[in-house]
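Let me begin by presenting the structure, written as structure tokens, before commenting on it.
The values are calculated or read from the model by the stated rules, or taken from the named source; none is laboratory data. Here the structure is a predicted model, which means the values were calculated and not measured. As a convention, Cβ positions derive from the backbone with ideal geometry for all residues, glycine included, and neighbour counts pool all protein chains shown. Note: areas computed on protein heavy atoms with side chains; ligands, DNA, RNA excluded. Shrake-Rupley method; radii C 1.70, N 1.55, O 1.52, S 1.80 Å.
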Amino acid sequence: MIATAENATLAVDSVSLIPVWLEISAMCVSGLFGGVIAGKRGAPILAILIGGLIVGLGGGIIRDLLLNVIPVAISTWYLLPAVGGAALIGGAFNRFFDHSRREILTLQAVSLGLLVVIGSEKALHANVPFFSIIALGMIAAIAGGAILDALFGVRTALLSQGQWHILALAAGAVGFVVMFRFTTPLIAEIGTVVAVVALRLFSAHHGWKCPEFPNSQKSDS
């Protein structure tokens, strides 16, 4: 019991090393994106608010639970109102975004980049194994959006997108760990966001497809 309490204390201390500005930026941008998507799907105001909160905070809550710490989304007073406000702004101005335009794709890419950074960095500070860091970084980035898609009854982008999505996140998480080890945290954070955004946008622009098994068959069901 003593060892468990000590481990939990260490985990809480390590998570507190994440810059507040980075945490807020990641979750608010993601909440804005969630609000835009919910608004474009015709959701009412309350559903837009909930959708933005899910995208902005959902992945971080799952990440923190897996790290056995109190989720930062409920342990701080400012994240819920900040992300909720961002979601409502996204819903109110969703008409300025179009699924075929670069703006919404860029917003998604920035959201994914920021979330994979805070997911990977929290896991790294918690001293979990390398592959766990990569997994938690990716979970933090994709879980909220996947939950929102499930609530709307649509196929999640994680499973349906041809362009690099999960590959961009995996590359970003690995790159973050490498840069964090050999450079400064700020360089690693900025470099990872830039890398994820670049890979996501370039893959969409050039039509880069995710690898598949030979002779794999797609089902419409």
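Here are the numbers:
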{"item": "Listed peptides 113-122, 132-141 by packing density, highest first (mean Cβ within 10 Å)", "result": "113-122, 132-141"}
{"item": "Cα-based shape type of region 75-168, given that a ≥ b ≥ c are square roots of the gyration tensor eigenvalues and the cut on a/c is 1.5", "result": "oblate"}
{"item": "Net charge, LEU107 excluded, C-beta distance under 15 Å - Lys, Arg +1, Asp, Glu -1", "result": "+3"}
{"item": "Accessible area of region 23-146 belonging to carbon and sulfur atoms, whole % at 1.4 Å probe", "result": "72"}
{"item": "Length released on extending from ARG155 to THR106, taking residue separation times 0.36 nm less the Cα-Cα span", "result": "15.6 nm"}
{"item": "Accessible area (Å², 1.4 Å probe, nearest 10) - PHE96", "result": "110"}
